[in-house]
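Participant: What follows is a structure written as structure tokens; I'll ask about it next.
The values are calculated or read from the model by the stated rules, or taken from the named source; none is laboratory data. Keep in mind that this is a model prediction, so the values were computed, not measured. Here Cβ is always computed from backbone atoms with ideal geometry, including for glycine, and neighbour counts include all displayed protein chains. What goes into the accessible areas is simple: the full protein's heavy atoms, side chains included, and nothing from ligands, DNA or RNA. Shrake-Rupley method; radii C 1.70, N 1.55, O 1.52, S 1.80 Å.
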Amino acid sequence: MLWSALLLPTAPTAPSTEAARRAVATWALQFTPRVALADGAVLMEVAGSVRLFGGKRALRDRVVTESADVGVAQVAWAPNSLAALALARAGIENGFKQTLPLLLDALPMQVLSAVHPHLTTLAHIGCRTLGDVRALPRGGVGRRFDKQLLQALDQAYGAEPEAHVWVALPERFEERLELMARVEQAPALLWGARRLLLVMSGWLAARRAGVTAFTLRWAHDAMRARDAGEGGEITVRTAEPTRDTEHLCRLLAEHLAHVQLLAPVGDLHLLATDVQPLMERSASLLPDTVRQGETLHLVLERLAARLGPGRVLRPVVLPDHRQEWMCRWQSAPEPLPRKPAPDTGMPQPTFVLPEPLRLLVRGNRPIYQGELQLLAGPQRVEGGWWDRVDGAGATRNVVRDYWVALSVKAGVLWVFQTRLDEAPAWYLHGHFA
């Protein structure tokens, strides 16, 4: 067995200990579904997750690095949860460097909660460490003290099994953080928001999902001006589902740079408002090419947050067979269409004219810088009768036959012939590179 105890600060200034433990437990669910709460700590049984995270050392490094950002003061590892909790309280991380009895015997007896009701009595009879308490006659300890003391000792030393109530993964992410001090500048909210984003990323990882929109709300201090209001909020959107904490922090930082707080802020509230399944990248038996830098959509989203969503656009292919409406420009942070682009079975032009150009016809053959030779087709396109133009009676209905044509001087072209017209006509609609 491999247990980890995550000990939270117990200083009087530590905000909302119970809420903090719940937040850390939600974050820890990304490593294992076997997470439990103890007094002042979060316990994880991670033996079944070691291979998933690349071994004990890689798992340990990730837990230690990320746990500090979510408010964990001490991390410890041991063969059982009570021993890990005792080691964490003593400031010892590695519970495997020596045999468990040798490690626990040297710890002060205060590290076990079951000893606390009997500290004075045990101190009067000369006990200072867990080894001293364990050396007492079991019969006398059982008669003089309660059963919880012997049971806790047996469980910590691995002589008796433990029982836990596991933390269930919440169906909806909604987390609150009380700030250590009042914040007057919006960019300074990022420190607290980052902790909430780390917890949200852990929740998303446990659900194998990503977020396309999240909302950060803040509550103003009670001593505020009347016209300041209760607080404010900001919603950040991404084009693709993600749980990359660093990218989400950068996006949030760009948005907060444009916010002016009307009063000091004391509380933050983070909600995952739009959650989508996230397709994991499949691991390869062969080494992959190292990706350097950021992907294009991450860069575009950060630029849009900085310059404004209407100033950074990207082309998007829509599930539409009509050439004029197969592609449109949209704001970079907007979600991408989930439906795939249509498979027409025909090559599509590289460049499309803003308006189709009507062609001359000679002997039933279209002419564009010479007579055109039809190479492939037709691709019949019919539809659009349901698509109204600005709510008017007119529609975008098209009934056409598309062809790939060759011009001796102009190269390969994309042309179509109208159908169901009194006088069918030919039009040039695009060029191939």
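Participant: Just to confirm my filter: which strands (runs of 3 or more DSSP E) fall fully inside the stretch 17-123 and include at least 3 residues that are among the hydrophobic types (A, V, I, L, M, F, W, C) and touching a residue at least 60 places away in the same chain (Cβ under 8 Å)?
Facilitator: 35-38, 74-78
Participant: Within the stretch 408-424, track down each residue that is more than 48 Å from the chain's Cα centre (by Cα), closer than 15 Å to residue 380 by Cα and among the hydrophobic types (A, V, I, L, M, F, W, C).
Facilitator: Hit for the stretch 408-424 is 420, nothing else.
To keep it simple, each residue is scored yes or no on (1) surrounded by fewer than 16 Cβ atoms within 10 Å (Cβ to Cβ); (2) touching a residue at least 12 places away in the same chain (Cβ under 8 Å).
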| residue | (1), (2) |
| --- | --- |
| 396 | yes, yes |
| 404 | no, yes |
| 420 | yes, yes |
| 423 | yes, no |
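Participant: On to the next question. Select from the stretch 159-174 the residues that are in a loop (DSSP other than H, G, I, E, B) and charged (D, E, K, R) and write down the one among them that is farthest from residue 196 (Cα to Cα).
Facilitator: Residues of the stretch 159-174 in a loop (DSSP other than H, G, I, E, B): 159-165, 167-173.
From what's left, charged (D, E, K, R): 160, 162, 171-172.
Numbers: 160: 37, 162: 31, 171: 17, 172: 14 Å.
Residue satisfying both the conditions and the ranking: 160.
Participant: When you go through (1) in contact with a Lys or Arg (Cβ under 8 Å, 6 or more places away or on another chain); (2) open to solvent by 40 Å² or more (accessible area, probe 1.4 Å) one by one for residue 71, which number turns out not to apply?
Facilitator: (2)
Participant: Among the residues of the stretch 93-106, write down those that are in contact with a strand residue (DSSP E or B) (Cβ under 6 Å, 6 or more places away or on another chain) and open to solvent by less than 40 Å² (accessible area, probe 1.4 Å).
Facilitator: Scanning the stretch 93-106 gives a single hit, 95.
Participant: I've got another one for you. Every residue in the stretch 173-215 that is among the acidic types (Asp, Glu) and over 21 Å from residue 278 (Cα atoms), please.
Facilitator: First, the residues of the stretch 173-215 that are among the acidic types (Asp, Glu): 174-175, 178, 184.
Within the stretch 173-215, 175, 178, 184 meet the criteria.
Participant: Residues that are under 30 Å from residue 255 (Cα atoms), modelled with pLDDT under 85 and in contact with an Asp or Glu (Cβ under 7 Å, 6 or more places away or on another chain): does the stretch 336-349 have at least one?
Facilitator: Looking through the stretch 336-349, at least one residue is under 30 Å from residue 255 (Cα atoms), modelled with pLDDT under 85 and in contact with an Asp or Glu (Cβ under 7 Å, 6 or more places away or on another chain).
Participant: A further question on this structure: Is it the case that some residue within the stretch 68-75 is modelled with pLDDT under 90, among the acidic types (Asp, Glu), within 19 Å of residue 206 (Cα to Cα) and within 24 Å of the chain's Cα centre (by Cα)?
Facilitator: Within the stretch 68-75, one or more residues are modelled with pLDDT under 90, among the acidic types (Asp, Glu), within 19 Å of residue 206 (Cα to Cα) and within 24 Å of the chain's Cα centre (by Cα).
Participant: Only one of (1) closer than 30 Å to residue 197 by Cα; (2) not in a strand (DSSP E or B) is not met by residue 182, so which one is it?
Facilitator: Every listed condition holds for residue 182 apart from (2).
Participant: State whether one or more residues within the stretch 127-134 are open to solvent by 40 Å² or more (accessible area, probe 1.4 Å), assigned to a loop (DSSP other than H, G, I, E, B), on the phi > 0 side of the Ramachandran plot and without any contact (Cβ under 8 Å) to a residue 40 or more places away in the chain.
Facilitator: no
Participant: A follow-up question, please. Can you find even one residue in the stretch 216-227 that is open to solvent by 20 Å² or more (accessible area, probe 1.4 Å), closer than 24 Å to residue 72 by Cα and part of a helix (DSSP H, G or I)?
Facilitator: Taking every residue of the stretch 216-227 in turn, none turns out to be open to solvent by 20 Å² or more (accessible area, probe 1.4 Å), closer than 24 Å to residue 72 by Cα and part of a helix (DSSP H, G or I).
Participant: Conditions first: (1) at pLDDT 75 or above; (2) in contact with a Pro (Cβ under 8 Å, 6 or more places away or on another chain). Residue 271 passes all but one, so which condition is the exception?
Facilitator: Condition (2) is where residue 271 drops out.
Participant: Which of the following residues is at pLDDT 90 or above, open to solvent by less than 80 Å² (accessible area, probe 1.4 Å) and small (Gly, Ala, Ser): 206, 186, 181? Reasoning before the result, please.
Facilitator: Values: 186 fails: at pLDDT 90 or above; 181 fails: at pLDDT 90 or above.
Going through 206, 186, 181 in turn, the sole match is 206.
Participant: Can you tell me how many residues within the stretch 368-385 are among the hydrophobic types (A, V, I, L, M, F, W, C) and part of a strand (DSSP E or B)?
Facilitator: Step one: list which residues in the stretch 368-385 are among the hydrophobic types (A, V, I, L, M, F, W, C), which gives 372, 374-376, 381, 385.
Add one more test, that the residue is part of a strand (DSSP E or B), and what stays is 374-376, 381.
The number of residues fulfilling the criteria is 4.
Participant: Would you mention how many residues in the stretch 107-120 are open to solvent by less than 50 Å² (accessible area, probe 1.4 Å) and either modelled with pLDDT under 90 or over 42 Å from the mean Cα position of the chain (by Cα) (or both)? Break it down into steps so the answer makes sense when it comes.
Facilitator: To start, the set of residues in the stretch 107-120 that are open to solvent by less than 50 Å² (accessible area, probe 1.4 Å) comprises 107, 109, 111-115, 118-119.
In the following step, the residues that additionally are either modelled with pLDDT under 90 or over 42 Å from the mean Cα position of the chain (by Cα) (or both) were identified as 118-119.
The number of residues fulfilling the criteria is 2.
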